[in-house]
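The values are calculated or read from the model by the stated rules, or taken from the named source; none is laboratory data. Quick caveat, the model's predicted, so the values are computed rather than measured. All Cβ positions, glycine included, derive from the backbone under ideal geometry; neighbour counts span all protein chains shown. SASA here: full protein model, heavy atoms, side chains in, ligands and nucleic acids out. Shrake-Rupley method; radii C 1.70, N 1.55, O 1.52, S 1.80 Å.
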Amino acid sequence: MDKKKKRLYIRTAILGVLAGLVIYTLYTNLTKDSRGTLEAGDKAPDFVLTDMSGEQHRLSDYEGKGVFLNFWGTWCEPCKKEMPHMEKMAQEYAGEVEILAVNVGESNFQVQNFAEQYGLTFPIAIDKSKEVMNTYGVNPLPTTFMIKPDGTIDQIVIGGLIVEDQVRALFERVKPSS
Amino acid sequence: MGKVKCECGHVNPHGTILCESCGRALTEEAKKENLVDMRYEGSARRSQTYNKTIIDKVWNFFSSVKVGIWIIVLILVAASFGTILPQEFYIPSNVEPEVYYEDVYGWFGKIYYMIGFHDLYNSIWFSALIAALGVSLVICSLDRVIPLYRALKTQRVDRHESFMKKQRLFAEQTGSLQEADMEKVRAELKKKHYKIREKNGSLLAEKNRFSRWGPYVNHVGLILFLVGAMLRSVQGMYVDELLWIREGETLQIPGTDGEYYVKNDQFTLENYEEGEDPEVFNEAINRVGTVAKNYQTDAILYHDENNGLPGAKPELSEVKHDDIQVNEPMKFDNFAVYQTSFRQDEMKAMHFALTNKVTGEEFGEVVVDLFDQQEMYDLGNGYKVELLGYYPDFDGFTEEGEPTSKSPLPNKPAFLFNMISPEKPDGEVSFVEIQNTMEPLGETTYKMAFKNLETRDVSALTIRKDLTLPILSIGGIIFMIGVIQGAYWNHRRIWIREKDGSIYTAGHTNKNWHGLKREIHTILEGTAVPEPEDRQTD
């Protein structure tokens with residue numbers, strides 16, 4: 001091979017490797033903060049939690065149905081506001097979209113008391129170790145993940161769902177199409 | 001762009017200044033100079049020879065030492081700006097940086113934040129500067145070490161007299177070399193560990209050539225260092241997490257993917273007692289009150305055998321007990337768990353006595369765990385206390401009169417009790433907060449008298465893992481080897497040649513000319529071989 005050509009190839013290769021390393025480093029550094037957090041379109045990570053009546057709920061068991069996965073706390077005001085809407089939708093979309101309300105790390109008494117006060121009938125589980133919350137990267141409460149029948153996330157709603165129609169629209173989007 | 005053929009017959013790469021073989025000057029400029037620049041043996045630095053494609057242009061840009069030095073200066077200046085105000089990482093986490101910088105540092109802080117200096121070391125342009133330095137190091141080194149290696153490898157024993165004439169140490173004398181003199185010179189050279197090559201009545205003595213590779217070895221170390229730093233951002237290579245854990249709690253260790261759990265059995269803070277070691281501590285104790293002796297978390301490490309699905313009940317098997325003290329971390333796998341901080345006396349449980357307000361008689365004690373409450377506390381004999389509501393961080397009442405809590409943390413606990421007694425089987429409602437009791441539904445005969453508070457300490461542990469440390473230390477060691485190699489040894493050469501009735505001698509070293517001159521003096525002393533003179537006057 002022509003020596004000059006060979007040199008060009010070597011230079012191109014070295015520069016290519018260096019550029020690759022630099023781009024990789026910059027990319028990983030810039031995405032460090034958002035790494036591990038979920039986005040719409042991602043597969044919802046599987047988890048298993050036991051609800052207040054002792055029943056186990058595994059997310060993958062709900063495939064084929066929409067899931068309204070809600071993280072909440074008894075002390076959080078917007079959580080209190082959205083609960084009645086959720087209760088109403090749970091009745092309307094029974095069998096199509098399931099609600100799973102995950103309380104983050106409070107006591108059984110507090111959650112039980114809250115559920116009785118608001119007359120909630122959908123399954124409520126307590127994430128005592130906050131493991132599921134960490135897996136989903138939930139920061140402010142409430143945060144709601146709308147999960148499609150195929151197990152992917154349709155939408156992530158941060159903050160309270162104050163208006164009933166807004167909640168209905170979310171349910172409508174993830175209900176099975178049949 | 002052809003090759004350059006020297007009069008001696010050697011074919012040099014384009015751009016060569018001094019013939020690699022005989023040392024004749026090949027460029028007009030070099031021919032005119034009195035002393036030649038020997039830094040790269042007059043070899044063709046590749047960067048200066050091609051400038052055609054975009055690849056060559058990029059290559060040449062980074063190949064320039066001038067550019068490299070500019071990059072270093074820019075990094076130094078930029079890095080210094082980051083030290084004017086505290087970085088975002090160090091400001092209190094409960095305030096927005098946007099507000100913080102302006103509030104604390106005024107207009108300067110505002111501008112500082114706007115430019116992005118508050119998070120300078122993670123900014124893309126700072127990372128890009130560091131990356132440019134890495135690229136510059138690689139290309140500068142490659143472009144110099146290869147031609148230099150070639151030139152030193154192909155150098156001839158019998159250098160052309162014009163090459164010798166342009167050396168800093170040089171002498172010329174008519175006459176011819178005597179074998180007796182040469183014998184002595186050889187012996188002296190050998191004593192000084194020179195490697196001797198001879199050809200056609202010419203002699204080249206050389207030693208410590210490896211010293212010339214010092215800077216490049218040093219650069220390899222630096223590049224390794226940069227690679228190590230780069231690997232920190234690769235997932236799994238570097239973990240730095242904080243875990244607040246209360247006494248008695250068992251929590252997942254962050255950064256271990258749920259594989260490990262830790263239990264805080266007890267947190268201890270010990271202080272030095274007055275008189276314990278009077279000479280050392282009495283003065284300090286008198287001045288500041290207390291001097292801490294030990295911060296310690298008695299920890300138990302568990303492995304979760306049922307890891308995999310978040311939320312699944314962990315099956316913990318004990319790995320070990322360890323006392324975590326400052327500078328005495330608990331180590332497992334590649335992790336180290338350090339004692340970082342603590343908070344003493346967090347509220348854990350409250351004791352109340354059901355008391356008759358008039359007689360003061362007590363009918364039993366209720367212990368409310370602030371983290372796990374019961375619905376009903378049965379005191380026997382028809383006395384019961386029902387918990388109607390618990391507000392861990394009581395924050396007043398809503399318009400509807402409902403008590404609210406502003407966080408899930410038991411900072412200011414309040415309780416709504418229903419006190420059931422034989423006289424009042426339906427119960428009487430009492431709202432109890434710290435140092436205050438309310439009777440929202442009318443006056444009661446009983447009250448919940450506060451008796452006692454159980455507290456516990458909270459320990460903060462830092463979880464660290466750094467797999468890049470070995471790479472960083474190897475990089476550091478190679479860096480130092482390069483420095484020593486280049487700084488401690490000198491590459492020295494001595495040429496002796498007889499041609500057309502004249503004796504030429506010359507010497508070269510990459511540093512410490514004085515040392516070389518002394519060495520040559522002892523070697524040539526007592527011989528007819530002329531001693532080269534230093535022609536650089538400065």
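Candidates are the residues of the stretch B:496-538 that are basic (K, R) and at pLDDT below 90; the one that is least open to solvent (accessible area, probe 1.4 Å) is B:K499.
Within the stretch A:86-100, at least one residue is crowded, with 19+ Cβ neighbours inside 10 Å and under 30 Å from B:E259 (Cβ atoms). Taken together, the residues in the stretch A:68-99 that are within 14 Å of the chain's Cα centre (by Cα) and either over 24 Å from B:N307 (Cα atoms) or free of Cβ contacts under 8 Å to residues at least 24 places away in the same chain (or both) amount to 3. Out of the residues in the stretch B:363-373 that are assigned to a strand (DSSP E or B) and within 11 Å of chain A (Cβ to nearest Cβ), state the one that is least open to solvent (accessible area, probe 1.4 Å). So, considering only residues that are assigned to a strand (DSSP E or B) and within 11 Å of chain A (Cβ to nearest Cβ), the one least open to solvent (accessible area, probe 1.4 Å) is B:V368.
Here's a check for you: in the stretch B:152-163, which residue that is assigned to a helix (DSSP H, G or I) and of a type outside the set (D, E) is most open to solvent (accessible area, probe 1.4 Å)? Among residues in the stretch B:152-163 that are assigned to a helix (DSSP H, G or I) and of a type outside the set (D, E), the one most open to solvent (accessible area, probe 1.4 Å) is B:K153. Taking every residue in the stretch B:149-173 that is under 19 Å from B:N34 (Cβ atoms) and pairing it with any residue that is of a type in the set (A, V, I, L, M) and in a loop (DSSP other than H, G, I, E, B), at least 6 positions away or on another chain, the pairs with Cβ-Cβ distances below 8 Å are B:F163/B:V36; B:K166/B:L35; B:K166/B:V36; B:Q167/B:L35; B:Q167/B:V36; B:Q167/B:M38; B:R168/B:L35. Scanning the stretch B:374-383 for residues that are free of Cβ contacts under 8 Å to residues at least 24 places away in the same chain and open to solvent by 80 Å² or more (accessible area, probe 1.4 Å) yields B:Q374, B:E375, B:D378. Counting just the residues of the stretch A:102-131 that are among the small types (G, A, S) and within 14 Å of chain B (Cβ to nearest Cβ), which one comes out most open to solvent (accessible area, probe 1.4 Å)? The qualifying residue most open to solvent (accessible area, probe 1.4 Å) is A:S129. B:Y149 passes every criterion in (1) open to solvent by less than 40 Å² (accessible area, probe 1.4 Å); (2) part of a helix (DSSP H, G or I); (3) within 29 Å of B:P215 (Cβ to Cβ) apart from (1). Any residue at all in the stretch B:336-354 that's under 27 Å from B:L461 (Cα atoms), free of Cβ contacts under 8 Å to residues at least 12 places away in the same chain and within 13 Å of another protein chain (Cβ to nearest Cβ)? No: zero hits. Does B:I477 meet the test of being open to solvent by 50 Å² or more (accessible area, probe 1.4 Å), under 44 Å from the mean Cα position of the chain (by Cα) and at negative phi? Yes; evaluated as a whole, the condition is true for this residue.
So which residues in the stretch A:47-99 are of a type in the set (D, E, K, R) and touching a helix residue (DSSP H, G or I) at 6+ places or on another chain (Cβ under 6 Å), if there are any at all? Working first, answer last.
Kept after step one, since they are of a type in the set (D, E, K, R), are these residues of the stretch A:47-99: A:51, A:55, A:58, A:61, A:63, A:65, A:77, A:80-82, A:87-88, A:92, A:96, A:98.
Matches in the stretch A:47-99: A:E98 only.
For the stretch B:1-22, a residue qualifies if it is touching a strand residue (DSSP E or B) at 6+ places or on another chain (Cβ under 9 Å), touching a residue at least 60 places away in the same chain (Cβ under 8 Å), assigned to a loop (DSSP other than H, G, I, E, B) and within 19 Å of B:Q167 (Cα to Cα), and the qualifying residues are B:C19, B:E20, B:S21.
Inspection of the stretch B:514-533 finds no residue satisfying the criterion of being aliphatic (A, V, I, L, M), part of a strand (DSSP E or B) and within 54 Å of the chain's Cα centre (by Cα). Of the residues making up the stretch B:388-408, just one is farther than 24 Å from A:S129 by Cβ and either basic (K, R) or within 7 Å of chain A (Cβ to nearest Cβ) (or both), namely B:G389.
No other residue among B:G258, B:G248, B:G275 is part of a loop (DSSP other than H, G, I, E, B), surrounded by 14 or more Cβ atoms within 10 Å (Cβ to Cβ) and of a type outside the set (A, V, I, L, M, F, W, C) apart from B:G258.
Determine if the stretch B:374-384 includes at least one residue that is under 51 Å from the mean Cα position of the chain (by Cα), at pLDDT below 90 and within 14 Å of chain A (Cβ to nearest Cβ).
Start the filter on the stretch B:374-384 by keeping residues that are under 51 Å from the mean Cα position of the chain (by Cα), which leaves B:374.
Remaining after also requiring at pLDDT below 90: B:374.
From what is left, the residues that are within 14 Å of chain A (Cβ to nearest Cβ) are B:374.
Looking through the stretch B:374-384, at least one residue is under 51 Å from the mean Cα position of the chain (by Cα), at pLDDT below 90 and within 14 Å of chain A (Cβ to nearest Cβ).
Scanning the stretch B:164-181 for residues that are crowded, with 18+ Cβ neighbours inside 10 Å and among the aliphatic types (A, V, I, L, M) yields B:M164, B:L169, B:A171, B:L177. The selection criterion, being exposed (fewer than 13 other Cβ atoms within 10 Å of the Cβ) and assigned to a strand (DSSP E or B), holds for B:K320. Residues that are under 16 Å from A:K80 (Cα atoms) and among the small types (G, A, S) were ranked within the stretch B:392-409; the one that is surrounded by the fewest Cβ atoms within 10 Å (Cβ to Cβ) is B:G401. What do you reckon, is A:I153 open to solvent by less than 10 Å² (accessible area, probe 1.4 Å), at pLDDT 85 or above and touching a Lys or Arg at 6+ places or on another chain (Cβ under 8 Å)? Yes: the conditions hold for A:I153.
Selection of the stretch A:156-178 for residues being open to solvent by less than 50 Å² (accessible area, probe 1.4 Å) and in a loop (DSSP other than H, G, I, E, B) yields A:G159, A:G160, A:L161, A:P176.
When we screen B:L26, B:L76 for residues that are under 20 Å from B:L148 (Cα atoms) and either of a type outside the set (S, T, Y) or modelled with pLDDT of 85 or more (or both), the only hit is B:L26. Report yes if B:A205 is of a type outside the set (S, T, N, Q), in contact (Cβ under 8 Å) with a residue 40 or more places away in the chain and open to solvent by 50 Å² or more (accessible area, probe 1.4 Å), otherwise no. So B:A205 fails the test. If you go through the stretch A:24-58 and pick out every residue that is open to solvent by less than 70 Å² (accessible area, probe 1.4 Å) and closer than 29 Å to B:V239 by Cα, you end up with 18. Screening B:P97 against (1) open to solvent by 80 Å² or more (accessible area, probe 1.4 Å); (2) farther than 25 Å from B:Q167 by Cα leaves a single unmet condition, (1).
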